[in-house]
Amino acid sequence: MARAWGLSVVMLGCGVVVAAGEFAGGRSGAGVLLLVVFVLLAGVNSPLVFPRSVGALEARERSASDGRPVVYWRPGCTYCLRLRLRLGRSARQLHWVDIWRDPAGAAAVRAANDGNETVPTVVVAGRPHTNPDPAWVRAQLSDPR
């Protein structure tokens, strides 16, 4: 759990330090602006932006029963964030697995990517797709199998 929040905590800490420096220098407007920017960056890179993660085993079982794709992701991944934001509300229809929280999910990603933990890896009908186009993923949601 701590690993998933690590990047957000570091960004928030950096924001506080930078803003404190601005406040100490008498530039309160710049301090507030920088603090807001760092808080937003921390929030965007936190697990809060993504739908609730499930374990890899549970995601595979759910996907087998409902046919929806499984997305393996990790906090701080810009490609995962791009996928999540471009999917919009459709993202809640997918089964999300945080590989930093689930060792089985990390193992599944390494098996699909020649030993690398390359995310996002989207599994559709048992076939992995590394960093697919968000429009393609959205199309998989409407494609009856």
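Neighbours of residue 34 by Cβ distance under 14 Å: Lys/Arg scored +1, Asp/Glu scored -1, total 0. Relative to the Cα centre, the charge distribution of the chain, modelled as +1 at Lys and Arg Cβ and -1 at Asp and Glu Cβ, gives a dipole magnitude of about 280 debye.
Across segment 113-119, coupling constants 3J(HN,Hα) worked out from phi with the 6.51/-1.76/1.60 Karplus curve, θ = phi - 60°, read 10, 6, x, 9, 8, 7, 10 Hz, and Gly and Pro carry x. What do you get for the angle between helix 56-66 and the principal long axis of the chain? Use alpha-carbon atoms, 0 to 90 degrees, nearest ten. Its long axis makes an angle of about 50 degrees.
Here Rg/Rh (Cα atoms, Kirkwood Rh) was computed from the coordinates, and among (i) 1.09; (ii) 1.01; (iii) 1.35 the match is (i). Per-residue ellipticity at 222 nm computed for the chain from its helices equals -17500 deg cm²/dmol, with DSSP H segments shorter than 4 residues left out and the rest contributing -39,500 (n - 2.57). For residue 121, the residues 5 or more places off, or on other chains, whose built amide H falls under 5 Å of its own are 72, 131. Distance between the C-alpha centers of segment 1-75 and segment 122-140? Whole Å please. Here the answer is 24 Å between Cα centres. The GNM of the chain, with springs linking C-alpha atoms under 10 angstrom apart, assigns the highest mean-square fluctuation among 69, 120, 132 to 132.
A Gaussian network model of the chain, with springs between Cα atoms under 10 Å, assigns the largest mean-square fluctuation among 56, 125, 91 to 125. GNM, the chain, Cα, under 10 Å: largest mean-square fluctuation among 123, 18, 109? With Cα springs under 10 Å in the chain, the top fluctuation among 123, 18, 109 is at 18.
Read the figures in this text as sums done on the coordinates, not as results from a lab. These numbers come from a predicted model, not from an experiment. Note: ideal-geometry Cβ built from the backbone for every residue, glycine included; neighbour counts use all protein chains shown.
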